[in-house]
Amino acid sequence: MFALRSRTLATTMFAFIFSAGLLAAQPSHADDKLPNVMILATGGTIAGTGATSTTTVGYTAAKVGVDRLIEAVPELKKVANVKGEQVFQIASENMTNDHWLKLAKRVNQLLAQPDVDGIVITHGTDTIEETAYFLDLTVHSDKPVVIVGAMRPSTAISADGPINLYNAVTLAGSKDAIGKGVLVSFNDQINAGREVTKTNTSTADTFKTPELGFLGYMQDNAAHFYRLPLRKHTTQSEFDVSSLDSLPQVDIVYGYANNNRIALDAFVAAGAKGIIHAGVGDGSISDAMKPGLIEARQKGVVVVRSSRVGQGIVARNGEANDDQLDFVVSDTLNAQKARILLMLALTKTNDTKAIQQMFYTY
Ligand code: SIN
């Protein structure tokens with residue numbers, strides 16, 4: 001019986017508090033029958049500590065190292081040969097394009113090794129959906145890549161980190177996860193990197209794929225899939241960041257009542273190569289914003305119309321004449337994910353027709 005749920009609270013707290021402070025990393029003893037899973041740790045609440053066991057807000061993210069995270073879940077050894085690597089130790093609001101480039105390169109490098117069967121990335125929940133989509137487009141391997149985090153710090157009563165990590169390692173070692181793109185495993189559910197989004201500031205069931213639905217469950221020490229992501233990803237992706245040191249500047253402007261173009265103009269003046277407009281409704285643009293976007297496009301900035309609604313397709317030539325304005329629509333991508341695809345698209349082309357096709361492909 002591997003499930004952490006069966007543990008007493010006292011044992012769980014002992015494992016976390018002592019592993020967080022006192023124990024050294026143990027070398028894993030490889031078992032030929034088990035998959036080899038690398039855990040790349042980047043920080044976040046899963047590695048967070050609070051002042052007391054009831055501290056679930058106002059704690060400090062990114063404190064506990066990867067070895068201690070692994071030691072706190074001894075059940076991992078029963079499902080995989082795990083090794084840890086601390087790639088960053090940050091709260092995920094501080095994730096940058098540079099972090100993503102380093103992470104994608106490291107993941108590609110590790111997955112090219114025959115002795116690595118899958119990768120788990122521990123990550124702050126706030127930007128998991130962005131990192132997941134970035135890697136979905138830039139990792140060129142069929143092997144499972146699973147991103148995981150926690151909503152409660154490691155020191156909290158009923159911390160969700162241990163069971164989430166256990167499920168993520170099980171999933172990363174599962175043959176059923178091969179070829180399904182970068183996955184987010186959280187709260188016993190499996191979501192696709194392209195679709196998943198954080199929907200609640202604090203609850204443990206925060207990660208959802210609104211309307212389209214998650215791909216499957218983690219239950220009874222196994223992955224159970226019911227759907228597949230259909231958009232191109234990983235091995236089918238045309239985006240290659242292996243020789244890139246930076247990505248083009250793409251920023252997001254937001255639609256709201258009493259809208260203005262001040263932020264837009266500042267982004268363009270600062271050298272933005274692309275702008276994502278998170279419009280109201282079906283990507284509508286206010287009269288106050290529209291001339292700014294038209295001027296930006298005339299200067300060569302690629303403009304993508306997304307929506308702040310969070311669900312549904314932004315219709316091309318619907319709320320704006322995209323053909324005439326030479327704008328692109330984001331399809332179903334929210335603004336933060338559209339930003340990622342546009343950055344990668346701009347590493348290949350400035351042609352808006354080609355970029356529009358990418359938004360219908362990935
Ligand atoms: C973060 O995103 O790093 C902090 C919040 C979290 O992990 O839940």
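The values are calculated or read from the model by the stated rules, or taken from the named source; none is laboratory data. Given the structure is predicted, the values throughout are model-derived calculations rather than measurements. Note that we place each Cβ from the backbone using ideal geometry, even for glycine, and neighbour counts take in every protein chain shown. Just the protein is used for accessible areas: all its heavy atoms, side chains included, with ligands, DNA and RNA removed. Shrake-Rupley method; radii C 1.70, N 1.55, O 1.52, S 1.80 Å.
Touching a residue at least 40 places away in the same chain (Cβ under 8 Å), open to solvent by less than 20 Å² (accessible area, probe 1.4 Å) and either small (G, A, S) or in a loop (DSSP other than H, G, I, E, B) (or both): does that describe A41?
Working: touching a residue at least 40 places away in the same chain (Cβ under 8 Å): yes; open to solvent by less than 20 Å² (accessible area, probe 1.4 Å): yes; either small (G, A, S) or in a loop (DSSP other than H, G, I, E, B) (or both): yes.
Here the answer is yes, as A41 does meet what is asked.
Please determine whether any residue of region 211-220 is open to solvent by less than 60 Å² (accessible area, probe 1.4 Å), touching a residue at least 60 places away in the same chain (Cβ under 8 Å) and under 27 Å from T45 (Cα atoms).
Within region 211-220, not a single residue is open to solvent by less than 60 Å² (accessible area, probe 1.4 Å), touching a residue at least 60 places away in the same chain (Cβ under 8 Å) and under 27 Å from T45 (Cα atoms).
So which of D136, D126 is buried (at least 24 other Cβ atoms within 10 Å of the Cβ), among the charged types (D, E, K, R) and closer than 21 Å to E93 by Cα?
Of D136, D126, the one residue that is buried (at least 24 other Cβ atoms within 10 Å of the Cβ), among the charged types (D, E, K, R) and closer than 21 Å to E93 by Cα is D136.
Would you confirm, using the coordinates I've provided, whether T96 is of a type in the set (V, I, T), under 14 Å from the mean Cα position of the chain (by Cα) and open to solvent by 40 Å² or more (accessible area, probe 1.4 Å)?
The answer is yes for T96.
What is the number of the single condition among (1) open to solvent by less than 60 Å² (accessible area, probe 1.4 Å); (2) more than 20 Å from V146 (Cβ to Cβ); (3) touching a helix residue (DSSP H, G or I) at 6+ places or on another chain (Cβ under 7 Å) that K63 does not meet?
(1)
Taking the conditions exactly as written (crowded, with 22+ Cβ neighbours inside 10 Å and of a type in the set (S, T, Y)), does T131 satisfy them or not?
Yes.
If V79 meets every condition in (1) farther than 30 Å from V250 by Cβ; (2) at pLDDT below 95; (3) buried (at least 20 other Cβ atoms within 10 Å of the Cβ) apart from one, which number is that one?
Condition not satisfied by V79: (2).
Could you tell me how many of the residues in region 187-230 are of a type in the set (V, I, T) and either assigned to a strand (DSSP E or B) or modelled with pLDDT under 95 (or both)?
2
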